[in-house]
Structure formats: C-alpha cells, structure tokens
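Participant: Dumping the structure here so I can ask a few things about it.
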Amino acid sequence: MNKDPAHILTINGGSSSIKFALYKSDKIMTRLLHGKIDRIGLKDSTLTFLNEKENKEDTVKVEVTDNHSAANFLIDWLEKQDGFSSIMAVGHRIVHGMEHSEPELITRKLLDELHHITPFDPEHLPDEIKLIETIYQRHPKLTQIACFDTAFHRSMPRIARILPIPRRYEEKGVKRYGFHGLSYAYLMDELIRIEGVKVAKGRIILAHLGNGASMAAVHKGHSIDTTMAFTPAAGLMMSTRSGDVDPGLVSFLSRSEQMSPLQFDEMVNHRSGLLGVSETSSDMHDLLALEKKDVRAAEAVALFCYQIKKQIGAYSAALGGLDTLIFTGGIGENATVIRTRICKGLGFFGVELNKSRNTEAAGIISSDTSRVKVRVIRTDEELMIARSVCRILDL
C-alpha cells in the first residue's frame, strides 16, 4: 500500500501579519490551503483563507494582540482543518540568516543564534522567533525548518558585500546581506522551467516590487549584487521605507529636531518612502488614483520609477549587459503603468515593451524586436519554502 504524501506547513511571519500555506509533498507540491492573519494588534484583525481542496474562501474576525496570540490562534484554527494531523514539518521564512547559505533544521543552537543576531533585524527576527517557539510549545515533536531570505545572496562577490565604513565593523557582521532571497530563488527556478538553463545562466535583473522593494543582479545563476544591504531598509524607496538616504541626516535631525536613533529608525522604516513623499498613502494603487490632482502623489510615483530605472542602468553595467528583466511582487506583477514608466527610455539598452502584452501582464511583455526579454513572473515564497523543506527532509 502506498503511503499518502506528508503535509508541509509554511509560515511567513511579519510584524503585523502571518501568511501560511499547507502543501501536500507530492511531485507537484499541491497546495491545499493558504491564507493570512492580517493587522495583528489592531481592532480589525482578520484571518482570511482559501481551502483549495473544497474551494472554500472566507474571512474571520479575530482578536490577536501580538504575534504570540496570533500564532496560538492560528494553531487552534489549523488543528480543526483537514490535513493537520498529517503535517510532518513546518517551514519558516527567516528574513536574516547571517552566513547561512542553505535551509536548516531548527535546533536549540540555531534558535540561540537567532536570538543573538536580533539586533541585526529587530523589525522581523523577534516575531519570527516567537512563531517558532510557540509552535514548539504546542507541538514539540513537529520538525521545524528555517529558510533564510539572505541565503540567495551568499554568492555575491566580496567587493559587492563590503560597506565603505571602517573595516573593523565587518568583523562584527556589518556588510551587505541582501533580502527577498526566497522570492529570487523561486524566480530563477521558474526561469529555468520556462526558458531552460542557458537563459537562466545569462545576465538577469530581478525586480521584486511590493511593499518591500529590492532588485538583484544575477549572472550565471548567482546573485552578484542586490539593493538591500545590512538591513531591508536600504536600497530602493519602498512603501514606508526610505531606501538609501544621506547618512548625514542622522546628525542633522539629531541637532535640528533632537531626533533619537530609535526615532530615526522609526522614520526610515515606517514613515518614509511612498508614504513620506506623498503624505497620503503607502499604497501604489491609491497614489496612481490621486496623482492627477495631487502633486505629492505624482512625485512619489515618479521617484519610485526613477530609482528603479537608474538601478537597471547600474546593474546592466555591473553585469556587462542585460539579457532578461523580470518584474515580480505586488506592484511589479499588477501595475502596468509602473512597468511602462520604468522601461520608458531604456530602448538604448535594448528594452522595448509590447503595449498589449504589458497591459495583460503576459508572461513576456517585451516586443518581438526587443533585445532584452522582459517578463512578469508571479512569485511564490511559500512554495519555495515548501520545496526547501522537502529537499532537506528528502521527501
């Protein structure tokens, strides 16, 4: 008698949300269930889910004050769902993994290490650790696997990792790490599936544009540079993050507004980017609707596109040319006008969009005569986590 495939639970935890998915560990990694708990800590927190087996979708109001209570609520809810008893392992997205280059079994030693490096990523790691520990307390025999968002960028050459500050800080771990690695790894797997290894070994720019936004330059299948650096706040302007700013602002705002380091950190992570420039919204859809009557919204959108256009130029130089440009993430996948504005004027690079393909968000949105193939690929970090778990457990 054939044994039924084990189930894999994936957890992608943030400071105000927890995404989850349940997969069957068969050849195609069938997704049975997925959803998220959103707006954790607020009065209107919700659990939204889609049971794909039963084609049932629903939203439930929940009262969760923090990630610990949200994790307990999620476990309570999952225990009532079909397939929970067949879960063999839980895969977690861990945003910061320092020097880890592969997914790893979560042990007490690894948890201690994650606790130790929380100053490197105070925005994500504490909540991710709470999720792991809550699951361990509730189901101590359940195997848990850490999938590191930084692992994809471990191939970057040393010159791309060094930050231009006194060398002694590198010994303390201060260097470029890069993030969105699970998304980028998925995109490269998809590119191999769609186009083959030869194309995936070419000169590629990946643009993950969402609430968090970053770009990566990939050559011969390996990351050679990426916009996020020591923290996910670096690089491109994002929904509420500033991206790269003049470091002299720290001293200036300290003197002029008595801004503390913690207040500066709050500003660049939660009150800047699209929200800071527009002064109205961090949501690109809202800003596009407002831009014709609100110059602040128009400037926020224009600055976002301008920064990405510049980065395409920079990474094309680093790569020695460009063969493939891939858009992904909530904005990259869905905002036709943003892709148009980013690519406008890049004809000298060989980038030429096909208007109707771009409007439809087709797999290939470049024209037949474009020297650079421009693609839209919908990312799937949860599936990448599930695949990683199966690989580690040899399922």
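Participant: Taking the Cα centre of the chain as origin and charging only Cβ (+1 Lys, Arg; -1 Asp, Glu), how large is the dipole, in debye to the nearest 20?
Facilitator: Values: 50 positive and 50 negative charges, 251 e Å.
So the dipole magnitude of the chain works out to roughly 1200 debye.
Participant: So what's the gap between the Cα centers of the stretch 272-326 and the stretch 126-147, to the nearest angstrom?
Facilitator: 37
Participant: Going by Cα centres, the stretch 18-72 and the stretch 178-219 are how many Å apart?
Facilitator: Computed from Cα coordinates, the inter-centre distance equals 27 Å.
Participant: Highest mean first, how do 338-344, 359-365, 306-312 rank when packing is the count of other Cβ atoms within 10 Å averaged over residues?
Facilitator: Averaged packing, sorted descending, gives the order 338-344, 306-312, 359-365.
Participant: Calculate, for the chain, the solvent-accessible area per residue in square angstrom, rolling a 1.4 angstrom probe over the heavy atoms of the protein chains.
Facilitator: Roughly 49 Å² per residue, with all protein chains present.
Participant: I'd like to compare 74-85, 275-286: which one has the highest average count of other Cβ atoms within 10 Å, and what's the full order after that?
Facilitator: Answer by packing, highest mean first, reads 275-286, 74-85.
Participant: A further question on this structure: Using the Karplus curve 6.51 cos²θ - 1.76 cosθ + 1.60 with θ = phi - 60°, what ³J(HN,Hα) values do you get for each residue of the stretch 45-52, in whole Hz, with x for Gly and Pro?
Facilitator: 3J(HN,Hα) across the stretch 45-52, in whole Hz: 5, 9, 10, 10, 8, 10, 8, 6.
Participant: While we're on this one: Among the complete DSSP H segments of the chain, which ones combine at least 27 Å of alpha-carbon extent along their axis with a mean Kyte-Doolittle hydropathy of 0.5 or more?
Facilitator: Both cut-offs are met by 295-319.
Participant: Right, another one. Between Arg296 and Phe84, how high is the FRET efficiency from 1/(1 + (r/R0)^6) when r is the Cβ-Cβ distance and R₀ = 41 Å? Nearest 0.05.
Facilitator: E between Arg296 and Phe84, to the nearest 0.05, is 0.30.
Participant: Which of the trypsin sites (Lys or Arg not before Pro) found in the stretch 117-175 are loop residues per DSSP with 16 or fewer other Cβ atoms within 10 Å of their Cβ?
Facilitator: Those that pass, being in a loop and sparsely packed, are Lys141.
Participant: Per DSSP H run of n ≥ 4, the term is -39500 (n - 2.57); total these for the chain, divide by its residue number, and report the mean residue ellipticity at 222 nm rounded to 500 deg cm²/dmol.
Facilitator: Value at 222 nm, helices only, nearest 500: -11000 deg cm²/dmol.
Participant: Okay, next question. Which ³J(HN,Hα) values, rounded to whole Hz and listed in residue order, are derived for the stretch 98-107 from phi using the Karplus coefficients 6.51, -1.76 and 1.60 in 6.51 cos²θ - 1.76 cosθ + 1.60 with θ = phi - 60°, glycine and proline given as x?
Facilitator: 6, 9, 6, 10, 9, x, 9, 5, 7, 10
Participant: Once the convex hull of the alpha carbons of the stretch 263-395 is built, what does its volume come to per residue, in cubic angstrom?
Facilitator: Cα convex hull per residue, to the nearest whole number: 166 Å³.
Participant: Within the stretch 81-173, report the GluC sites (Glu not before Pro) that DSSP leaves as loop and that have at most 15 other Cβ atoms within 10 Å.
Facilitator: Listed in order of number, the matching sites are Glu99.
Participant: Quote the relative contact order of the chain in percent (integer), defining contacts as alpha-carbon pairs under 8 Å separated by 6+ residues.
Facilitator: 13
Participant: Let me see the pair-distance distribution of the stretch 252-317: every alpha carbon pair, 5 Å bin width, integer percents in order.
Facilitator: Over the stretch 252-317, the share of Cα pairs per 5 Å bin runs 4, 17, 19, 16, 16, 16, 11, 3, 0 percent.
Participant: Tell me the carbon and sulfur percent of the accessible area for the chain, rounded to whole percent, probe radius 1.4 Å.
Facilitator: Its accessible area is 52 percent carbon and sulfur atoms.
Participant: Shifting gears a bit: Dividing the alpha-carbon Rg of the stretch 188-302 by 2.2 N^0.38 Å yields what?
Facilitator: 1.32
The values are calculated or read from the model by the stated rules, or taken from the named source; none is laboratory data. All values reported here derive from a predicted model rather than from experimental measurement. Cβ atoms come from the backbone with ideal geometry, glycine included; neighbour counts cover every protein chain shown. Ligands, DNA and RNA are excluded from the accessible area calculation, which covers all protein heavy atoms including side chains. Shrake-Rupley method; radii C 1.70, N 1.55, O 1.52, S 1.80 Å.
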